[in-house]
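Take a look at the structure set out below.
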Amino acid sequence: MAVIKVMDEFLANKIAAGEVVERPASVIKELTENSIDAKATEIKVDLQESGTKKIQVIDNGCGMEKDDAVLAFSRHATSKLYEEEDLYRIETLGFRGEALASIASVSKITLKTSKGDIGTQVVIEGGRIVSVENADARCGTSMIVENLFYNTPARLKHLKSLYTELASITDYFDKLALSHPDIRFVLTNNGTELLNTDGSGQLLKAIKSVFGMDITKKMREISGQTDDYTVFGYMSLPEVHRSNRNGMVTIVNGRVVRNAELNRIINDAYHTYKPDNRYPVVVLCITVDPSLIDVNIHPTKMDIKFSKMEDLVSLIENLIQDRLQHKNLIPQVEEVQEKKDLFKESIVKKHYEEIPLSFDVVEEKKPLFINDFEEKVESKKESFEKKEELEDLDNEEERMPLFYPVGQVLGTYIICQNELGMYLIDQHAAKERVNYEIYKEKLGNPKESSTAMLFPLTMEFSNQDYIILKENFSILLGMHFDIQEFGLNSILIKAHPSWLPKGYEEEAIRKILDLVIHLEKDFSIAKLNDRVAMTVSCKMSIKANESITLEEMQALIDDLRECKNPFHCPHGRPTTIFYAKHDLEKLFKRSGF
Ligand code: ZN
Ligand code: ZN
């Protein structure tokens with residue numbers, strides 16, 4: 001019996017008609033989703049010229065009967081759902097019967113499929129069936145899509161550069177691989193392999209294939225649950241961050257979703273652990289009863305709404321912050337910082353060198369020594385096989401190891417040591433962190449007192465600034481300012497919060513008023529306090545090029561160790577970096593390799 005059924009017309013109309021096939025990536029999306037529905041455990045995608053010339057998707061799924069193979073190209077045929085309510089159930093993967101028909105109408109398709117006995121080959125050109133023949137019996141389906149958009153020149157013109165199209169394909173494919181670690185995926189373009197996962201079912205291995213070994217070594221497992229949500233995944237240590245959000249992947253019930261809110265929560269959980277304009281690598285698998293989510297299906301993306309969002313938010317926040325608070329997060333400077341990312345992207349780039357790079361890929365520092373690339377990639381592969389190595393990294397017990405200062409260089413960095421190696425501390429960043437935590441604590445504390453000023457301060461503002469300021473007097477009073485109107489567009493300050501740094505009171509007051517005047521749209525007292533603490537702590541911290549005594553260094557390190565996050569200044573820069581003894585030995589060629 002035919003597995004594919006013609007969809008109820010009503011249901012078909014409910015599906016956003018929309019242009020399903022916009023670019024090669026959307027073709028690949030439809031075809032690979034079909035393969036997944038066919039229960040494939042291996043899916044290979046070969047492209048020529050970023051899929052514009054040719055896309056071949058081969059799977060080892062269950063294949064189709066002859067009838068299905070022919071019917072598959074008719075509009076509104078689908079094997080994937082029959083009931084309207086299924087549309088709202090995210091477990092169902094593909095859902096649009098029209099997709100294959102749409103692809104067929106703008107390309108030449110050769111479909112070969114078999115359920116294990118006599119196979120079928122269907123050739124279809126510009127939407128018309130050219131031939132239906134018997135084919136070999138390899139179980140599974142192979143779909144070749146050639147000359148995409150050959151009969152729609154306008155659409156063809158719409159395609160971006162080959163490089164951009166390929167980038168969009170690899171981005172989709174990466175996410176597919178992450179959401180299906182149990183399926184083996186291979187992606188090639190013009191014969192060059194771009195992704196190859198092992199289908200072992202281990203998310204960490206999929207992460208390694210997608211992000212490379214160096215990032216994977218810095219991923220840490222998180223998992224937890226509430227009554228309704230189960231979250232499992234990996235988060236990067238704060239030293240890993242990227243200029244775009246592509247590293248944040250949320251998978252809900254096995255499918256990648258885009259939810260700006262989730263991304264924001266994940267990113268905010270790293271606040272002050274990394275710069276705010278950089279983004280972590282976090283892959284989260286969320287499992288939830290489908291009745292608790294509302295899926296907004298659009299042909300090209302998938303957004304989602306959660307009921308009991310607050311539960312999910314606090315679960316994710318807690319998991320990430322807990323992890324950040326219980327680890328030694330001092331980045332270690334290694335001899336060679338080889339990037340698999342670089343490797344993969346440089347291959348993509350090499351293919352289309354004439355086309356300028358349009359998206360940001362390579363994040364990390366250059367290697368200290370450039371050695372033979374292939375060799376390095378090999379050795380990384382080997383070390384990955386020893387899985388314990390990855391897990392050992394996870395067992396750092398000490399939050400901030402003990403070390404003591406031995407001197408200062410460039411008037412800026414404190415050199416410290418212990419038996420493990422050498423630590424460099426950025427004295428400004430360290431002092432800034434110490435001050436930040438002090439100020440933040442005081443700002444949030446209603447019991448803090450105010451100090452009367454010997455000479456009350458009057459300040460004049462522009463009309464507009466004055467109005468904003470007046471509207472927010474209550475905030476300033478809450479911060480323990482004694483503040484009042486004082487003639488035209490002027491205010492009088494008679495007392496200020498006691499914690500303001502001595503000798504810098506006026507400067508600090510101006511900074512704070514400035515922050516109040518320039519309140520952001522999503523203003524909250526907590527946020528303002530955070531910004532005030534950040535700004536004031538930067539201003540008031542020892543600068544670079546300032547020498548300090550060994551005692552002062554020791555005092556600073558002691559204070560830093562007391563911090564909730566001793567590893568980063570409030571702007572997310574590292575306070576401390578570490579050179580392991582054995583890495584120093586390697587740098588000086590003292591030890592073997
Ligand atoms: Zn600063
Ligand atoms: Zn800073």
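The values are calculated or read from the model by the stated rules, or taken from the named source; none is laboratory data. If you're wondering where the values come from, they're calculated on a predicted model, not measured in any experiment. Quick reminder, even Gly has a Cβ in these numbers, built from the backbone with ideal geometry, and neighbours come from all protein chains shown. All accessible areas refer to the heavy atoms of the entire protein, side chains included, with ligands and DNA or RNA removed. Shrake-Rupley method; radii C 1.70, N 1.55, O 1.52, S 1.80 Å.
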Q: Report yes if some residue within segment 203-211 is over 27 Å from ILE36 (Cβ atoms), outside any loop (DSSP other than H, G, I, E, B) and either in the same structural domain as LEU319 (by TED's automatic domain parsing) or not basic (Lys, Arg) (or both); otherwise report no.
A: no
**Q.** In segment 405-427, the residues that are within 15 Å of ligand 1 (Cβ to nearest atom), part of a strand (DSSP E or B) and surrounded by 21 or more Cβ atoms within 10 Å (Cβ to Cβ)
**A.** ILE425
Q) Does any residue of segment 203-216 turn out to be of a type in the set (S, T, N, Q), over 30 Å from SER307 (Cα atoms) and out of contact with any Lys or Arg (no Cβ under 7 Å at 6 or more places or on another chain)? A) yes
**Q.** Considering residues of segment 482-497 that are open to solvent by 30 Å² or more (accessible area, probe 1.4 Å) and in a strand (DSSP E or B) only, the residue nearest to TYR466 (Cα to Cα)
**A.** GLU485
Q | Filter result for LEU176 (touching a residue at least 40 places away in the same chain (Cβ under 8 Å) and either open to solvent by 20 Å² or more (accessible area, probe 1.4 Å) or closer than 24 Å to ILE109 by Cβ (or both)) | A | yes
Q | Count of residues meeting criterion [among the charged types (D, E, K, R) and within 14 Å of ligand 2 (Cβ to nearest atom)] in segment 409-427 | A | 1
**Q.** Top-ranked residue in segment 428-456 [being assigned to a helix (DSSP H, G or I) and acidic (Asp, Glu); ranked as nearest to ligand 2 (Cβ to nearest atom)]
**A.** GLU432
**Q.** helices (runs of 4 or more DSSP H) wholly inside segment 1-110 that include at least 1 residues being out of contact with any strand residue (DSSP E or B) (no Cβ under 8 Å at 6 or more places or on another chain) and modelled with pLDDT of 90 or more
**A.** 24-37
Q. Of all residues in segment 561-588 being within 13 Å of ligand 2 (Cβ to nearest atom) and open to solvent by less than 50 Å² (accessible area, probe 1.4 Å), which is nearest to ILE425 (Cα to Cα)?
A. THR575
(Q) Can you find a residue that is in a loop (DSSP other than H, G, I, E, B), of a type in the set (Lys, Arg) and either buried (at least 20 other Cβ atoms within 10 Å of the Cβ) or away from ligand 1 (no atom under 16 Å from the Cβ) (or both) anywhere in segment 498-517? (A) yes
Q: Could you please tell me which pairs satisfy a Cβ distance under 8 Å, a separation of 6+ or placement on different chains, a first residue in segment 302-318 that is modelled with pLDDT of 90 or more, and a second residue that is among the small types (Gly, Ala, Ser)?
A: LEU315/GLY224; ILE316/ALA269; GLU317/ALA269; ASN318/GLY224
Q | Any hit, segment 538-551, residues being in a helix (DSSP H, G or I), closer than 24 Å to LEU329 by Cβ and within 15 Å of ligand 1 (Cβ to nearest atom) | A | yes
**Q.** Tabulated pairs, segment 251-262, first at negative phi, second at pLDDT below 90 and open to solvent by 40 Å² or more (accessible area, probe 1.4 Å), C-beta under 7 angstrom, 6+ apart or interchain
**A.** VAL257/ASP303; ARG258/LYS301; ARG258/ASP303; ASN259/ASP303
Q. Would you pick out the residues in segment 179-193 that are touching a helix residue (DSSP H, G or I) at 6+ places or on another chain (Cβ under 6 Å), open to solvent by 10 Å² or more (accessible area, probe 1.4 Å) and under 24 Å from ASN244 (Cα atoms)?
A. PRO181
Q. Does ASN565 meet the test of being within 16 Å of ligand 1 (Cβ to nearest atom), more than 13 Å from ARG433 (Cα to Cα) and in a loop (DSSP other than H, G, I, E, B)?
A. no
